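As C-alpha cells, the structure follows; a few thoughts come after it.
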Amino acid sequence: MNASSNSPAATDFFTIDALCQPEQETPGAFDALTRLAMRLFKVPVALISIVQEERDRQYFLSHQGLGEPWRGQRQTPLSHSFCQHVKREGKPLMVSDARVHPLVADNRAVDELNVIAYLGVPIIAPEGSPAGALCVIENQVREWTETELETLKDLAHCVNDEILLRAMLALNETQLKKSLRYNAMRESIAMAFMSPDLPVHTRFEELLRASCKALGMKAGRICKTGCGQAEPLFDHDEQGHIAALERRTDFKALTSEVISECRHVAFDDLAKSHTPDGLCGSYAGTPLILNGVLHGVVEFFSDEPRSQTWSEEEFSILSIVSMFATAHLSVFGQIKNLKQSEEALLHYIARQRQPVAAS
C-alpha cells in the first residue's frame, strides 16, 4: 500500500539541478549577489557555481567577468574547477597564488582562465548538503583576510536563502496543482453521483465511471459482502478487464485483503509488489463501512502499472467514493428488498385468483 502520513518537504519537489539549465535566464537575485561581491571585493570575476561530479562540470548559476567561451556556455569541466574542492570538503578555500598551491597548481583554470587568487565558500542545497561555491577570483596574487572571508560567508547565506525560497515556491506550486486536481476529481465524482432522476443502477455506474476517470483506472466495481465473500453489484468496465481478472484465484486475494484489513489497499505494480505468478497492472480497493459494519468493497483495476505511486489525494478520492457508495448501498438494499416483497405479494395474489378463474 502506498500512503504516507508525513507532510511533503520542499526537497521532494525541487532539485538544485533544476536551476542548472544553460538555456534558461539567470535568476536576477543571483546576479545581484555576484555583482555585489565584485564591488565589495574589487575583483574582476565573481561566480556562483553548482558542482555536478556525475556530469563532470561546474555550472555557473551566476557569473560576472568571465570571458568566452565560458561566459556563453555557463559551465566548465571539473578540470577547470576550484569550486569542486569547496563542495567536496564542505568548507571555504583560500588560495593566494594558485600557481604554487599544492591543491590547485595543476588545475587548467590557472592558465586558461587566469585564476591566480581564489576565495570560495560553500553553497548549501535545500536538503543541507554542499552543492557548490560562491567565489571571487583575482588574476594576480592576493592575500585574503579573515574579514573578507566572513563577508563572503554572509553573501553565501543570501544565496542559500534564495535557493531555499525557490524550493519552497516549487513545493507551493506542486501542492496547488495537486489541490486543483483533487478538487476537480471530487467535483466530477459528486456531480456524477448526485445527478437528479437517475435510476439506482445508473447512479452507481456513473459513480464508478467518474471515479475510474479521476483515478486513471480502466475498470471499477462495487461488491456487497457476506460471510467473508464479495458479491458484485455494479461495475464500469468497457474493455472486459473484470471478467478476465475474476477467472484468476490470485486476484480474489486482493478483495479478501480489503475485507480482512478493512482499509485502503493499493498497488502501483502488481507484478512487482504483490503476486509472483504473473498478475500485472494496478489496483486500489477500499471497504464500505457504515456504523462500524462492513457492507461491501469498491475496487478499481487497470491492466497497466501506474507511472506514479498512489497519492494521499487519491486515497481521499477513494474515501469520498466509499462515502457515497456506502450511504446509498443500504438504500439500494432496502429498495431491492421492497421489490422482492412486492414481487412475492403479486405472485401470492395471482395464485389466490387462480381457483376463482377456474370455477
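The values are calculated or read from the model by the stated rules, or taken from the named source; none is laboratory data. Since we're looking at a predicted model, the values are computed, not measured. Cβ placement follows ideal geometry from the backbone for every residue including glycine, while neighbour counts extend to all protein chains displayed. The protein model used for the area step is the full one, side chains on, heavy atoms only, and it has no ligands, DNA or RNA in it. Shrake-Rupley method; radii C 1.70, N 1.55, O 1.52, S 1.80 Å.
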>> Sort 313-319, 297-303 by the packing proxy (mean of other Cβ within 10 Å over each peptide's residues), most packed first.
In response: 297-303, 313-319
> Can you work out the FRET efficiency for the pair GLU257 and LYS213, with r the C-beta to C-beta distance and R0 = 22 Å, to the nearest 0.05?
Replying inline: 0.30
>> Once you keep just the Cα pairs under 8 angstrom separated by 6 or more residues, what percentage relative contact order results for the stretch 78-218?
In response: 17 percent
>> If each residue of separation counts as 0.36 nm, what is the full-extension length gain between LEU165 and LEU290 once their alpha-carbon separation is subtracted?
In response: 40.5 nm
> For the stretch 28-69, what % of the accessible area comes from carbon and sulfur atoms, probe 1.4 Å?
Replying inline: 55 percent
>> So, for the stretch 76-134, what is the accessible surface per residue at a probe of 1.4 Å, expressed in square angstrom?
In response: 41 Å²
> Once you put a point 7 Å from the Cα of LYS42 and another 7 Å from the Cα of ALA18, both along the Cβ direction, what distance in nm separates them?
Replying inline: 4.2 nm
> Which of the aspartates and glutamates could a cross-linker bridge to LYS177, judged by Cα under 14 Å and excluding same-chain residues fewer than eight apart?
Replying inline: GLU312, GLU313, GLU314
> If you roll a 1.4 Å probe over the stretch 117-157 with all protein chains in place, what percent of the accessible area is carbon or sulfur?
Replying inline: 49 percent
> Can you list residues whose amide H is under 5 Å from GLN75's amide H, if they're 5+ apart or on another chain and H is modeled 1.01 Å from N?
Replying inline: PHE60
